């Protein structure tokens, strides 16, 4: 798997500074690992600042957005990845290692089940792109996601995409699924 995570921090009360950290996928395969690496790098950077600047610039920062830039952007591959992950063929970290062994066989019934879910997901995909912002700013999807975007737009007009994503997940009507091939927005119907 190849690609790059971009974690952006910002201060909720100021617009003058954002902190961007690029984390290669070989260093952090999952979003949580990328967040941890970015936080560690940020803490290291802040530690080298003078105390006066550190107190003003680096206090109370929040994650503005986490974006995965895949080496290959493919809607079809993303949907296939989700179907395989739903059926246990792929873990959160990727393909299981040979020594981990497979408890479940990959017979024709299993393949048919995965194929059926794959077709179902194709029909239910609501949006696709690199980031939440890219997906939700397309005219076709912008209207249906306005409730989430408006609630997390601050007084500076800045959208807190990390919060928008959490709001969509919390609502439970659909979910945003990060894959090595891009992010898919899938209806739960």
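Bear in mind these aren't lab numbers, they're just calculated from the coordinates by the rules spelled out. Model, not experiment: these values are computed from the prediction. Ideal geometry is used to build each Cβ from the backbone, glycine not excepted, and the neighbour counts take in all protein chains shown.
Expressed as an acute angle from 0 to 90° and rounded to the nearest 10, what is the orientation of the C-alpha long axis of helix 108-124 relative to the principal long axis of the chain? Once rounded, one gets 50 degrees.
Could you work out how much longer the chain between residue 153 and residue 71 gets when fully extended? Use 0.36 nm per residue separation minus the Cα distance between them, nm to one decimal. It would help to have the intermediate numbers written out before the result.
Numbers: separation 82, 0.36 × 82 = 29.52 nm, distance 3.00 nm.
In short, 26.5 nm is gained.
Placing a pseudo-label 7 Å from each Cα along the Cα-to-Cβ vector at residue 133 and residue 119 gives an inter-label distance of 3.9 nm.
Relative contact order of segment 1-71, please, whole-number percent, based on alpha carbon pairs below 8 angstrom and at least 6 residues apart. All intermediate terms of the calculation are to be shown ahead of the outcome.
On the way: 100 pairs, mean separation 34.5, N = 71.
Once normalised by length, the contact order is 49 percent.
Expressed in Å, the radius of gyration and Dmax of the Cα atoms of the chain are 18.9, 65.
For segment 155-189 and segment 19-38, compute the distance between their C-alpha centroids and round to whole Å. Rounded to whole Å, the Cα centres lie 19 Å apart. Relative to the longest principal axis of the Cα atoms of the chain, the long axis of helix 75-86 makes an angle of roughly 80 degrees. Against the chain, whose longest principal axis is taken from its Cα atoms, helix 31-47 shows a tilt of about 20°. Ranked for footprinting exposure by Cβ neighbours inside 10 Å, fewest first, 75, 163 give 75, 163. Computed over segment 1-71, the alpha-carbon pair-distance distribution with 5 angstrom bins reads 3, 17, 27, 22, 15, 10, 5, 1, 0, each value a whole percent.
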